[in-house]
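Below is one structure, written out as structure tokens; comments come after it.
The values are calculated or read from the model by the stated rules, or taken from the named source; none is laboratory data. Worth saying up front: this structure is predicted, and the values here are computed from it rather than measured. Backbone-built Cβ (ideal geometry, glycine too); neighbour counts: all protein chains shown. Side chains are part of the model used for accessible areas, which takes the heavy atoms of the whole protein and leaves out ligands, DNA and RNA. Shrake-Rupley method; radii C 1.70, N 1.55, O 1.52, S 1.80 Å.
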Amino acid sequence: MLLSIKTKLKLSQEQKIIMSKHAGIARFTYNWGLATWNSFVKDGLKPNKYLLKKFFNNHVKPEFTWIKEKGICQKITQYSFDNLGSAFGRLFSGKSGYPNFKKKGKHDSFTIDASGQTIPVGGTSIKLPTIGWVKTHESLPHTTCKLITISRIADSWYISFAYEQENEITQKQHQVVGVDLGVKELATLSTGVVFPNPKYYQANLRKLKRLSRKLSQKVKGSNNRHKTKLKLARHHARVANLRNNTLHQITTFLCKNHAKIVVEDLNISGMLSNHKLAQVIADCGFHEFKRQLEYKAKKFGCEIIIADRWYPSSKTCSNCGHIQDMPLQERTYNCGSCGHSIDRDLNAAINLSRLAKP
């Protein structure tokens, strides 16, 4: 199967400058392509990424000598147009809105390749096309890849690529498990295992507010504002890394030890429209949880079953099947028919697990 990896680079100051130049050229190319696309549409024409790429390479690129500076990989402009084409493809399919212009320092990234040849990776060093040798903070698997994407988060640079790996089929301890996701407890399993919600954003909210307030008080364009902006970005990245680490631990445990995993099809966008719970729900990372489950299920050889969005897992008694209303404030399910009393989340998880049984 095809897996991807993303890890932090250990760069010198000179190497960081080179990465910034690459990201700047990728951003300039994308913005030029988007502006030209808008101009063509305004004139009644139907542009595409191939037409823009050809025009840019023949008429625009020769005028900007800094794009062909020594040590700059020329493949980055090609992938900028590919990204622009993908953005409009998502627009036309109704998956996203109209593409926006890229801004310096926000989602800086670029993609390179080795002109059709594979790129060997492995260990704590990797030789990038044109750029040269760079070091990583952790050891990479010994394999090959075709494309490499380098991105910046705060003031740190990361490398990511996809590679082929055989599935790691593990011995399963349980055949079926139901997973109830929630705000109070991040995940409750039908086996009785409970993963508490660490609420990293709320735990760090005070510091985030303080840094945001300091940033608003700095003079725009000053060095102090730039330093404060980096501090805030680092702290946001730290919160995101802590959240992702917790989700990785839970999803890996589920996929390694359970043959069938039943989860709810949550209406996340609808849940986020509740302004009272939006912050807490966003802090849980439900979408990322589902995304990790899907690819790890293929890796470890388990099956993911998505329960219907309208299945009343919380309202149904896991003992007799009686259905009754369950307000959010009630944390214990007390059945009005058989008198069965059980934790609300555990009751829902047990009901979900039964959907996998024939």
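A few notes on this one:
- Number of the exception - residue 266 against (1) outside any strand (DSSP E or B); (2) more than 24 Å from residue 196 (Cβ to Cβ): (2)
- For residue 109, the stated conditions hold: it is modelled with pLDDT of 95 or more and open to solvent by 30 Å² or more (accessible area, probe 1.4 Å).
- Breaking point among (1) open to solvent by less than 20 Å² (accessible area, probe 1.4 Å); (2) outside any helix (DSSP H, G or I), for residue 304: (1)
- Set side by side, the residues 87, 35 differ, and just one is open to solvent by less than 60 Å² (accessible area, probe 1.4 Å), in contact with a Pro (Cβ under 6 Å, 6 or more places away or on another chain) and part of a helix (DSSP H, G or I), which is 87.
- Exactly one residue out of 178, 192 is small (Gly, Ala, Ser), exposed (fewer than 15 other Cβ atoms within 10 Å of the Cβ) and in contact (Cβ under 8 Å) with a residue 24 or more places away in the chain, and it is 192.
- Screening residue 258 against (1) touching a Ser or Thr at 6+ places or on another chain (Cβ under 6 Å); (2) surrounded by 19 or more Cβ atoms within 10 Å (Cβ to Cβ) leaves a single unmet condition, (1).
- First in region 143-171 and among the aromatic types (Phe, Trp, Tyr), second anywhere and open to solvent by 40 Å² or more (accessible area, probe 1.4 Å), Cβ under 6 Å, 6 or more apart: 158/6; 158/8
- Here residue 288 does not qualify as outside any strand (DSSP E or B), loosely packed, with under 15 Cβ neighbours inside 10 Å and under 18 Å from the mean Cα position of the chain (by Cα).
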